[in-house]
Amino acid sequence: MRRPVVGVIGNAYRVENRFQTQMVGERNLRAVTDVAGALPLMFAGSPEITDIGALLDVVDGIVLTGARANVHPTRFKTEPHEKHEPYDIHRDDVALALTEACIARGVPIFGICRGLQEMNVAFGGSLHPEIREIPGRMNHRMPRLENGEIHPDPTVVFADRHDVHLTPGGTFANLLGCETIRVNSLHGQGILEPGKRVVIEGIAEDGTIEAIRIADAPAFALGVQWHAEYDPQRNPINRKLFEAFGAALKAHTRAA
């Protein structure tokens with residue numbers, strides 16, 4: 001049997017503020033190959049470059065990664081504000097259409113952080129641009145130094161910071177073998193209203209939605225708000241998620 005191929009979405013990024021590129025974090029690529037047992041294939045988050053139909057003809061699954069940019073508010077009928085920038089409207093174009101196409105064609109899809117948010121918006125859900133501004137919510141953004149700079153130690157940035165309570169008997173609880181997990185937190189946006197096919201299966205201590213599945217999806221269609229690509233080689237929760245994704249990829253390969 002051939003090795004499954006996973007399409008990993010790229011993000012718009014400017015090198016030296018001059019050269020336009022597409023970028024994927026290496027941790028995503030290593031998680032796909034080391035734990036899911038697949039070959040990662042980066043594709044552009046730009047509709048002018050990426051043909052979704054052609055892409056899904058050659059891959060066995062899709063990973064929608066986290067990203068610095070927020071989903072543009074007009075995608076869920078909200079006015080944009082400069083304080084919630086940057087945006088990546090071209091990735092929005094690809095990711096939202098791609099989510100629907102994966103579900104329709106039975107292609108496994110795994111959404112991480114921004115990817116979870118994209119899956120929700122693709123099915124008509126909305127986002128809050130800054131979860132920490134909702135009364136009673138914690139600051140879900142990455143840890144920073146007192147001067148505002150991002151903390152230089154990745155073990156601090158990606159440290160587990162809060163619990164997530166999983167739906168008893170749900171897909172995540174069955175997959176992970178427990179009903180409470182502890183996860184990292186590096187996001188500003190979060191789900192406000194779930195989309196019409198979005199099933200909530202994990203909620204943080206403060207009420208923030210952290211784990212979803214797409215109802216009646218014919219293949220793996222899960223999203224997590226935390227960064228599961230961080231250290232799944234050793235983190236047992238993230239390992240189980242990528243292993244389950246890998247099993248879905250192999251099933252898709254056999255069926256093809």
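The values are calculated or read from the model by the stated rules, or taken from the named source; none is laboratory data. Being a predicted model, the structure only gives us computed values, none of them experimental. Counting neighbours? That spans all protein chains shown, and the Cβs are built from the backbone with ideal geometry, glycine included. Keep in mind that these areas ignore ligands, DNA and RNA; they rest on the heavy atoms of the full protein, side chains included. Shrake-Rupley method; radii C 1.70, N 1.55, O 1.52, S 1.80 Å.
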Q: Report ³J(HN,Hα) in whole Hz for each residue of the stretch 72-84, in order, from the Karplus equation J = 6.51 cos²θ - 1.76 cosθ + 1.60 where θ = phi - 60°; Gly and Pro get x.
A: 5, x, 4, 5, 10, 6, 10, 6, x, 9, 4, 6, 9
Q: Using the Karplus curve 6.51 cos²θ - 1.76 cosθ + 1.60 with θ = phi - 60°, work out ³J(HN,Hα) for each residue of the stretch 236-241 in order, rounded to whole Hz, and write x for Gly and Pro.
A: x, 5, 5, 4, 4, 5
Q.
How would the stretch 1-144 be classified by its alpha-carbon gyration tensor: rounded, prolate or oblate, with rounded meaning a/c under 1.5 and the a/b versus b/c comparison settling the rest?
A. prolate
Q) Rounded to the nearest 0.05, what FRET efficiency do Lys77 and Leu39 have when you use their Cβ-Cβ distance and R0 = 30 Å? A) 0.20
**Q.** Placed amide H near Leu127: partners under 5 Å, 5+ positions off or other chain
**A.** Leu192, Glu193
Q | Solvent accessible area, Å² - Ile209, 1.4 Å probe, full protein context | A | 20
Q | Under 5 Å, built H, 5+ apart or other chain: amide partners of Leu64 | A | Phe110, Gly111, Ile112
Q: Give me the number: length gained by fully extending Ile150 to Ile200, i.e. 0.36 nm times residue separation minus the C-alpha to C-alpha distance, one decimal in nm.
A: 14.9 nm
**Q.** the stretch 19-100: GluC sites (Glu not before Pro) in DSSP loop, at most 13 other beta carbons within 10 Å
**A.** Glu48
**Q.** Value of relative contact order over the stretch 44-129, rounded to a whole percent, pairs C-alpha under 8 Å and six or more apart
**A.** 40
Q) At a 1.4 Å probe radius, carbon and sulfur cover how many percent of the accessible area of the stretch 72-138? A) 49
Q) Under a 1.4 Å probe, what is the accessible area of the chain per residue, stated in Å²? A) 46
Q. Which cross-chain or sequence-distant (5 or more) residues have an amide H under 5 Å from the amide H of Leu39, H modelled 1.01 Å from N in plane?
A. Val5, Val6
Q: For the stretch 190-197, take each phi angle, set θ = phi - 60°, evaluate the Karplus expression 6.51 cos²θ - 1.76 cosθ + 1.60, and give the result in whole Hz per residue in order, putting x for glycine and proline.
A: x, 5, 9, 10, x, x, 5, 10
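About the Cα centre, and with charges only on the beta carbon of Lys, Arg (+1) and Asp, Glu (-1), how big is the dipole of the chain? Nearest 20 debye, please.
Numbers: 27 positive and 32 negative charges, 117 e Å.
Dipole magnitude for the chain comes out near 560 debye.
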Q: Distance between Cα centroids, the stretch 105-166 to the stretch 169-240: provide it in whole Å.
A: 11
Q) Under a point-charge model restricted to the Cβ atoms of Lys and Arg (+1) and Asp and Glu (-1), what is the dipole moment magnitude of the stretch 63-179 relative to its Cα centre, in debye to the nearest 20? A) 180
Q: Hand me the trypsin sites (Lys or Arg not before Pro) from the stretch 196-240 located in a DSSP loop with no more than 16 other Cβ atoms within 10 Å, in residue order please.
A: Lys196, Arg234
